[in-house]
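Below: one structure, written as structure tokens.
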């Protein structure tokens, strides 16, 4: 998730930033929540944490996809390297 | 264990600050929307970590589930609205 935060600050465009938000962020949330669920032990709390994990794992890419689709539909051009 | 959880909370707060920079500075409105998505993901994890730290996970987990569902509805509504309207 630290890498995702650095990517969100440093990358040049909304299309490239979406990679940092959706991919790296989902992986960080997955690892962190699995660790917390294993620490919690077997029971209803572990089940609820896994429900939150599944929800985040579905929701995060869906929201990023909707945002980028809106950006693409509204005519935003992707960033290109300047060729001097 | 308490100190470790406190360090995790502080690190998550710093990461939220990085996303907040993008929300405030973002050139287009879609950057701000992506930053909001990242902040809400971090806020869910922060809620669960605070619940572990207070040893009241059963209460905080329900708040986290409700927050995740609200986040989905809000962000999808804003994205659909911007898709029809276009950026300006």
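The values are calculated or read from the model by the stated rules, or taken from the named source; none is laboratory data. All values derive from a computational prediction rather than experimental measurement. Cβ atoms come from the backbone with ideal geometry, glycine included; neighbour counts cover every protein chain shown.
Out of all the residues in region B:47-63, is one or more closer than 18 Å to residue B:14 by Cα, at pLDDT 90 or above and out of contact with any helix residue (DSSP H, G or I) (no Cβ under 6 Å at 6 or more places or on another chain)?
Yes, there is a match, as at least one residue in region B:47-63 is closer than 18 Å to residue B:14 by Cα, at pLDDT 90 or above and out of contact with any helix residue (DSSP H, G or I) (no Cβ under 6 Å at 6 or more places or on another chain).
Taking residue A:72 and the conditions (1) surrounded by 14 or more Cβ atoms within 10 Å (Cβ to Cβ); (2) in contact with a helix residue (DSSP H, G or I) (Cβ under 7 Å, 6 or more places away or on another chain), which numbered condition does it fall short on, given that it satisfies the others?
(2)
Got a number for residues in region B:17-38 being under 15 Å from residue A:22 (Cα atoms) and surrounded by fewer than 19 Cβ atoms within 10 Å (Cβ to Cβ)?
Residues in region B:17-38 being under 15 Å from residue A:22 (Cα atoms) and surrounded by fewer than 19 Cβ atoms within 10 Å (Cβ to Cβ): 1 in total.
Taking the options B:76, B:70, name whichever one is under 20 Å from residue A:64 (Cα atoms) and within 8 Å of another protein chain (Cβ to nearest Cβ).
It is B:76.
Restricting attention to region B:39-53, does a residue exist that is in a helix (DSSP H, G or I), loosely packed, with under 15 Cβ neighbours inside 10 Å and more than 8 Å from every other protein chain (Cβ to nearest Cβ)? I'd like the intermediate steps shown before the answer.
First, pick out the residues of region B:39-53 that are in a helix (DSSP H, G or I): B:39-53.
Keeping just the survivors that are loosely packed, with under 15 Cβ neighbours inside 10 Å gives none.
Taking every residue of region B:39-53 in turn, none turns out to be in a helix (DSSP H, G or I), loosely packed, with under 15 Cβ neighbours inside 10 Å and more than 8 Å from every other protein chain (Cβ to nearest Cβ).
Restricting to region A:1-54, what's the tally of residues that are crowded, with 16+ Cβ neighbours inside 10 Å, farther than 20 Å from residue B:11 by Cα and within 7 Å of chain B (Cβ to nearest Cβ)?
Qualifying residue count for the region: 8.
Being part of a helix (DSSP H, G or I), surrounded by 18 or more Cβ atoms within 10 Å (Cβ to Cβ) and in contact (Cβ under 8 Å) with a residue 40 or more places away in the chain narrows it down to one residue among B:68, B:75; which is it?
B:75
I need the full set of residues from region B:1-19 which are in a helix (DSSP H, G or I) and within 10 Å of chain A (Cβ to nearest Cβ), in order please.
Residues satisfying the conditions are B:8, B:11, B:12, B:14, B:15, B:16, B:17, B:18, B:19.
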